[in-house]
Amino acid sequence: MRWTSILAIYTLFWTLAAFLVMPFGIRTHDELGLEKTPGQVHSAPANLNPRVIMRRATVLSLVSFVLYYENYVHHWITIQDIDVSRLFGLY
């Protein structure tokens, strides 16, 4: 696998991981008991910390990508192992 492919696939894993970990730990002003600014949306986060999200996404994407790459190298699960006809009820 070329390094450009590795970079592109890792970027996809990182983006997916960022969206997956983003809602964890986020609280609104009402949940934290803070005062809201007039006109503020009720669901606006009060404790958004992008560094925490980036760190969590990096760890999750790194673990996911290592598993993906090891599967690519060692062929643990191949397309022949997946019975598509059973997945879609085509017997």
Degrees between helix 3-21 axis and first principal axis of the chain (Cα, 0 to 90, nearest 10) | 40
Once label points are set 7 Å from the Cα along Cα→Cβ at both T4 and Y69, what is their separation, rounded to one decimal in nm?
-> 1.9
In whole angstrom, note down how far apart the Cα centers of region 75-91 and region 1-46 are.
-> 34
Given charges of +1 on the Cβ of Lys and Arg and -1 on the Cβ of Asp and Glu, with all other atoms neutral, how large is the dipole of region 7-91 about its Cα centre, in debye to the nearest 20?
-> 220
Using modelled amide H (1.01 Å from N, peptide plane; none on Pro or chain starts), what sits under 5 Å from the amide H of T28, excluding residues fewer than 5 places away?
-> A46
If contacts are Cα pairs under 8 angstrom and at least 6 residues apart, what is the relative contact order of the chain in percent?
-> 34
In the neighborhood of H42, defined by Cβ-to-Cβ distances under 10 Å, what is the net charge if each Lys or Arg adds +1 and each Asp or Glu adds -1?
-> 0
Just from the alpha-carbon atoms, what are the Rg and Dmax of region 24-66 in angstroms?
-> 14.4, 47
Residue by residue through region 27-33, which ³J(HN,Hα) values in whole Hz follow from phi under the Karplus form 6.51 cos²θ - 1.76 cosθ + 1.60 (θ = phi - 60°), with glycine and proline marked x?
-> 10, 8, 5, 5, 5, 8, x
Rounded to whole Å and sorted largest first, what semi-axes of the equivalent ellipsoid does the C-alpha gyration tensor of the chain yield via the square root of 5 times each eigenvalue?
-> 39, 19, 10
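Here, each number is a calculation from the coordinates, and none is a lab measurement. The structure displayed is predicted, hence computed values, not measured ones. Note that each Cβ is placed from the backbone with ideal geometry, even for glycine, and that neighbours are counted across all protein chains shown.
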